[in-house]
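Notes follow once the structure below has been shown.
Values quoted throughout were computed directly from the atomic coordinates according to the rules given, and no laboratory measurement underlies them. Being a predicted model, the structure only gives us computed values, none of them experimental. Glycine gets a Cβ as well: all are built from the backbone with ideal geometry, and neighbour counts include every protein chain shown.
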Amino acid sequence: MTLPSPPMSLLAELTHRCPLACPYCSNPLELERKAAELDTATWTAVLEQAAELGVLQVHFSGGEPMARPDLVELVSVARRLNLYSNLITSGVLLDEPKLEALDKAGLDHIQLSFQDVTEAGAERIGGLKGAQARKIAAARLIRASGIPMTLNFVVHRENVARIPEMFALARELGAGRVEIAHTQYYGWGLKNRDALLPSRDQLEESTRAVEAERAKGGLSIDYVTPDYHADRPKPCMGGWGQRFVNVTPSGRVLPCHAAEIIPDVAFPNVKDVTLSEIWNISPLFNMFRGTDWMPEPCRSCERKERDWGGCRCQALALTGNAANTDPVCSLSPFHNLVEQAVRNDTQARKNFIYRRFKN
Ligand code: SF4
Ligand code: SF4
């Protein structure tokens, strides 16, 4: 039996706890509670197994990973194992002593997320009063520490016009890299799609703003466009079970952070099985790996090894079947569902459903 190539990156979702409540959060609708979280010893074992499997990078994520008191310890484990470590944080819990400890432990990179450039816009999305000032203070501390920093902005209909100001803030704060990512519409994002989806004109304006900034030079820019205005999907996660492995706070192992919505499948857990066994032979990771699972039109399409049929979770969320061609593709028999959502943007909703734990 030929084993698949090892994953490049581990997304370690240490916790779903977060002081913010963004309506596009990539966490699942069913958030996992603190009592269910893996302990330090189990996370250490996960990192060891990941390194043994061939993983090169670990992204410490959440929720807010800084809510975990053992974050520094886990960063030092990653350093001992020679894993490149990246912290994905909202920055609101960061202070000088914590940053110094992370730096000493060997943290390689920080991705600091911003909800907007204005205080009011940031509070409206994140739902946390005073968050913007705390983020700016965090960015200044990171800059002073010398740890390489990327600023992340998720954009949508309410803040997309402020992309030029986002770049100006990134330059002022000394970020080496900026990611401008349009909201992706699954999970919380899908619940809030009618309030977040930008119009075609807004999308075009945002692309022009990104191109104008690129032309200035001196800032590395990643730009993620919204699927809904495309006619071909993105290669979701670089292909199912090909490059990424995601471990949830309670230890479930997923090919992508949204995969828990897929019905009638067992989600393996690091408490029961090794990461290598899960990656190589679990039914979940082999379900949509490669091209054998594909229906038409993907099966006979020349792009099938470029976009791998798009996003399985988007196919499930919109068509009810994860094995369908991603409806973002104009060749999909379900593409009208996406066209319909784009046409509906004149009836945009204003209220958000914030990301919260269920009672
Ligand atoms: S997207 Fe917002 S709510 Fe979700 S983890 Fe990030 S900061 Fe927290
Ligand atoms: S038909 Fe399938 S493989 Fe071809 S472009 Fe569309 S989603 Fe990609």
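Residue by residue, the range 294-300 carries 3J(HN,Hα) couplings of 5, x, 6, x, 4, 3, 10 Hz when phi is fed to the Karplus relation 6.51 cos²θ - 1.76 cosθ + 1.60 (θ = phi - 60°); x denotes Gly or Pro. For the chain, taking Cα atoms only, Rg and Dmax work out to 19.9, 56 Å respectively.
Which lysines, on any chain, are close to K234 with Cα under 20 Å apart, when same-chain ones fewer than 8 places away are left out? Straight-distance partners of K234: K304. Sort out the exposed loop GluC sites (Glu not before Pro) in the chain (DSSP loop, at most 16 other Cβ within 10 Å) and tell me the longest stretch that has none. In short, 31-301. Each DSSP beta bridge with both residues in the chain is either parallel or antiparallel, and the antiparallel ones are about 10%. For V224, the residues whose amide H sits under 5 Å from its own are I180, A181, H182, ignoring neighbours fewer than 5 places away on the same chain, with H placed 1.01 Å from N. With the helix formula -39500 (n - 2.57) applied to DSSP H stretches of n ≥ 4, the chain reaches a computed 222 nm mean residue ellipticity of -10000 deg cm²/dmol.
Backbone amide hydrogens, once placed in the peptide plane, bring L197 within less than 5 Å of R157, excluding anything fewer than 5 places away on its chain. For the range 272-335, the set of trypsin sites (Lys or Arg not before Pro) satisfying both a DSSP loop assignment and a count of at most 11 other C-beta atoms within 10 Å is empty. Relative contact order of the chain: what whole-number percent is it, with Cα pairs under 8 angstrom and at least 6 residues apart? RCO, the chain: 20 percent.
Among the lysines, which have Cα under 26 Å from the Cα of K271 when same-chain residues fewer than 8 positions away are ignored? Those lysines meeting the cut-off are K34, K358. Against the compact-protein benchmark of 2.2 N^0.38 Å, the Cα-based radius of gyration of the range 100-183 scales to 1.09. In terms of its C-alpha gyration tensor, the range 150-240 comes out prolate, because a/c is 1.5 or above and the ratio a/b outweighs b/c. Close amide H contacts of Q111 (hydrogens built in the peptide plane, cut-off under 5 Å, sequence separation of 5 or more or a different chain): L87, I88, T89, T150. The range 188-206 and the range 1-49 have their alpha-carbon centroids 27 Å apart.
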